[in-house]
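Read through the structure below, which is laid out as structure tokens, and then see the notes.
The values are calculated or read from the model by the stated rules, or taken from the named source; none is laboratory data. Everything numeric in this text was worked out from a predicted model, so none of it was measured. Cβ placement follows ideal geometry from the backbone for every residue including glycine, while neighbour counts extend to all protein chains displayed. Areas reflect the complete protein model, heavy atoms only, side chains present, ligands, DNA and RNA absent. Shrake-Rupley method; radii C 1.70, N 1.55, O 1.52, S 1.80 Å.
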Amino acid sequence: MRRRRPVTEVPDVVGLNAADACDIVRAAGLVPYGPDYADEPMSGTVTEQRPIGTAGAEQGSPVFLWTRGHPDGADVVLTQPSKAGSLDPV
């Protein structure tokens, strides 16, 4: 039987720049990712996260971050989870 990992509060990082958000998520003992387990976002502003801030999650669990806006002026395509579990464009 697998031993449960300690539960931690997911920090609310919506509105922060991606680099700071990833640092905060890691400091909470969680692992930041982009959508669909993509590499963690390196630029832009976090517009959405899953799980949401203040939710509980086992340490080492993923936190998915969606961002918008890049220093070069380009925006990433935002996606959000659908009810079926896949990602749909926003």
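Under the condition of being over 15 Å from Arg68 (Cα atoms) and open to solvent by less than 90 Å² (accessible area, probe 1.4 Å), the residues counted in region 8-26 number 6.
For region 27-39, filtering for residues that are surrounded by fewer than 18 Cβ atoms within 10 Å (Cβ to Cβ) and assigned to a strand (DSSP E or B) leaves 1.
Restricting attention to region 46-66 and to residues that are open to solvent by 60 Å² or more (accessible area, probe 1.4 Å) and free of Cβ contacts under 8 Å to residues at least 40 places away in the same chain, the residue that is nearest to Glu9 (Cα to Cα) turns out to be Arg50. Checked against the criterion of being within 28 Å of Arg4 (Cβ to Cβ), modelled with pLDDT under 95 and among the acidic types (Asp, Glu), region 25-38 has at least one qualifying residue.
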